[in-house]
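K.L.:
Pasting a structure here, questions to come.
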Amino acid sequence: MALYEHVFLARQDLSQAQVDALATAATEIVESNQGKVVKTETWGLKNLAYKIKRNRKAHFVMLNIEANGATVAELERQTSINEDVIRYVTIRVDEHEEGPSVMMRKSDRERTRRREREGN
């Protein structure tokens, strides 16, 4: 099985529960097609560099997937149909990153800096 990273951007007006439901739906698509979701990360609501389908912000979600090409094709097909998803990308990788991704480490650093500033 090949390894993939699938990142999708959900509309800004969705609640966190709805975003989690989208991630769960993507996981179910992969698992129903003999694939496996190794890790799911929700990066939160972030500003976009430019408007995408009239959205200035989006909820970012990343899935680390072990699957074959047909499973990824089905995931992308169903993701493209979903009106709540404004963008997605799937990239084949040689290996999955251990521990939290760069985006998660970045948000942890920002939180730490914010706490340090408030403490001073």
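Readers should treat all values here as calculations from the given coordinates under stated rules, not as data from a laboratory. The shown structure was predicted, so the numbers you read here are calculated from the model rather than taken from an experiment. So basically every Cβ, Gly included, is an ideal-geometry build from the backbone, and we count neighbours across all protein chains shown.
K.L.:
Calculated from DSSP H runs of 4 or more alone, at -39500 (n - 2.57) each and per residue, what is the 222 nm mean residue ellipticity of the chain, nearest 500? List each step's numbers first, then the result.
P.N.:
Working: 3 runs with 48 residues, N = 120.
That comes out to -13500 deg cm²/dmol.
K.L.:
Going down the table (LYS36/LYS106; LYS53/LYS106; LYS57/LYS106), which pairs top 20 Å between alpha carbons?
P.N.:
Values: LYS36/LYS106 26 Å; LYS53/LYS106 27 Å; LYS57/LYS106 18 Å.
Those over the limit are LYS36/LYS106; LYS53/LYS106.
K.L.:
Once you place label points 7 Å from the Cα toward the Cβ at ILE81 and ASN68, how far apart are they in nm?
P.N.:
For the pair ILE81/ASN68, the computed spacing is 2.1 nm.
K.L.:
Efficiency by 1/(1 + (r/R0)^6): what FRET value for ILE52 and GLU98, r their Cβ-Cβ distance, R0 = 35 Å, to the nearest 0.05?
P.N.:
Using R0 = 35 Å, I get an efficiency of 0.70.
K.L.:
Right, next: Expressed in nm to one decimal, what extension gain is obtained for the pair LYS36 and SER15 from 0.36 nm per residue of sequence separation less their Cα-Cα distance?
P.N.:
Values: separation 21, 0.36 × 21 = 7.56 nm, distance 2.59 nm.
Length difference between fully extended and current span is 5.0 nm.
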